[in-house]
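Enquirer: My questions all concern the structure below.
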Amino acid sequence: MNFAHTPAKTWPQRFMDWTFGAPQPLNRPSDDVLRGKPGGMGRDSAHEILPPPEPDTVPVWVEQKARSALEAFKDAITDGTRLFCEQHVHPLYMLDQSTKYRVTGIQVFVPREKSSFLQPLEKLPIEVRNRMARILVMAAPGAQEQLVIDDGFFGISLDVEPTVIDGQTIRLIASWSIDSAEIKFLFSGQYISVVPKPTQSVVEVVPQKEPCTSDPAIAQTVVDVESSASCSEAKPNSAAASVEPVMTTPVTPRRVGNETPLSLPHQTMVHGTDTPLAKPTSRQIAFVRVQYAGQDQEATIAITQDMLPFVIGREHTSTGRFQHGLSLGNPRDANLGLLVSREHLELSRFDPETSTFYLVNHGHPRNGSFHQGSALSERFMLKAMAPGNVIHLGGCGGVGTVRIIIEAV
């Protein structure tokens, strides 16, 4: 038994208990908990389940995909186009919004020690690179308003940076997973003035008045509308079938200089007939190696600068447009006449600084020229020193096709 005696409270303690209530023991639950009121753990809430404590958050590491050189190259094309527009086109475009820059080609240069950056890009077919460049260039901010890419676009070429670059280049840094390199872009083309399309002409229907006479010879003459007003009043019951529509086109006032190009006008060039401004040299620039399908031997033709433009086809003298060329007529292969055009592939010009050929595919789209299994467009650039530089005329291979290899000297 517990014989502990609790001392009696003094009258000030009893007064405080009466005023503020008796203090609860430290280990004694409150009255609300004992009565089972909401918020307590009494008899009515004895089986309430408390939520488990939240576990400590553990960071989850997501492995980032490595950035390839091709992805860096795509971003570099768009960024380089944006810088080109800002530096070379936008100042003139703000003064005259009809001024645009017509892009005919893009050259990409990388330092020689970073030439490994070009290896995955050179493996792509030429047509894939050119289509990719066209899409990425027009996706750059301001390109839709300030640039023009039409059928005269030769595409994009890749090269190691030469000692001297003729032209203003755009420089930027391209970074990928394992390295980075300074890339230089050289845009070739010309400034043009694009005149907005005129508004559609308004068609007015003017009713013709019926002549006053019944003589058919007189009725066929032209009758003035105002002078024939009395005749129409005299015959109010004229047939509606005599009303014929008259098409009139309003004359649009022409502003002087509205269609004048910024560049100097030039005459239409006829291949091989006009005299060039500077006499080209007879220096040898390349070799063209030709091999017919199904044959082991190949023919080699030396190309000099004064031989350009040089055309390769089944019969390059058929139209008389070219003075220099190579005829691929093979009497032993009847299929050659079905797959190779008379004027199939033209070596239009050559850039000796970058060893780049500008070619025109006259066989497009009837017979076609192919590079790495993909059909080439009408115009493209070809790096003469690039590996795997093989073009097939008339198909990707097989009977009737011709294998062409162009190598710079």
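What follows draws every value from the coordinates through simple rules; no lab data is involved. All figures in this text were calculated on a predicted structure; none of them were measured in a lab. Note that we place each Cβ from the backbone using ideal geometry, even for glycine, and neighbour counts take in every protein chain shown.
Enquirer: Just round it to a whole percent: the fraction of Cα-Cα distances in the stretch 70-164 exceeding 23 Å.
Expert: Percent of Cα pairs beyond 23 Å in the stretch 70-164: 28.
Enquirer: Additional query: Report the calculated FRET efficiency for Q97 and M138 (r = Cβ-Cβ distance, R0 = 22 Å), to the nearest 0.05.
Expert: Given R0 = 22 Å and the Cβ-Cβ separation, E is 0.80.
Enquirer: Of the listed pairs K74/K100; K74/K184; K114/K383, which have alpha-carbon separations greater than 20 Å here?
Expert: Flagged as over cut-off: K74/K100.
Enquirer: With point charges of +1 on the Cβ of Lys and Arg and -1 on the Cβ of Asp and Glu, referenced to the Cα centre of the stretch 73-195, which listed residue (Q97, Y191, Q119) lies farthest in the positive direction of the dipole?
Expert: Selected residue: Q119.
Enquirer: Through the Karplus equation 6.51 cos²θ - 1.76 cosθ + 1.60, θ set to phi - 60°, convert the phi angles of the stretch 394-409 into ³J(HN,Hα) values in whole Hz; use x for Gly and Pro.
Expert: Per residue, the Karplus-derived 3J(HN,Hα) values read x, x, 6, x, x, 5, x, 9, 10, 9, 10, 10, 10, 10, 6, 6 Hz.
Enquirer: Once both labels are modelled 7 Å past Cα along the beta-carbon direction, what's the D306-L70 spacing in nm?
Expert: With each label placed 7 Å out from Cα toward Cβ, I get 4.6 nm.
Enquirer: Taking K and R as +1 and D and E as -1, what net charge do the other residues with C-beta under 15 Å from the C-beta of R289 add up to?
Expert: Numbers: positive: R403; negative: D296, E298, E407.
Residues near R289 contribute -2 overall.
Enquirer: Starting with the highest mean, order 171-178, 392-399 by the number of other Cβ atoms within 10 Å, averaged over the residues of each peptide.
Expert: 392-399, 171-178
Enquirer: Here's something else I'd like to know. Could you sort 339-348, 102-111, 369-378 so that the peptide with the highest average Cβ count within 10 Å comes first and the rest follow in order?
Expert: Descending mean neighbour count gives 339-348, 102-111, 369-378.
Enquirer: If you take the beta carbon distance between I405 and S115 as r and set R0 to 30 Å, what does 1/(1 + (r/R0)^6) give as a FRET efficiency, to the nearest 0.05?
Expert: Working from the Cβ atoms, E equals 0.90.
Enquirer: Please order H364, H90 by the number of other Cβ within 10 Å, starting at the fewest.
Expert: So the residues, fewest neighbours to most, are H90, H364.
Enquirer: In which sequence would K114, K100 go, from the one with the fewest C-beta neighbours within 10 Å to the one with the most?
Expert: K114, K100
Enquirer: May I have the extent of the alpha carbons of the stretch 113-186 along their three principal axes, as whole Å values ordered from largest to smallest?
Expert: Answer, in whole Å and largest first: 36, 28, 23 Å.
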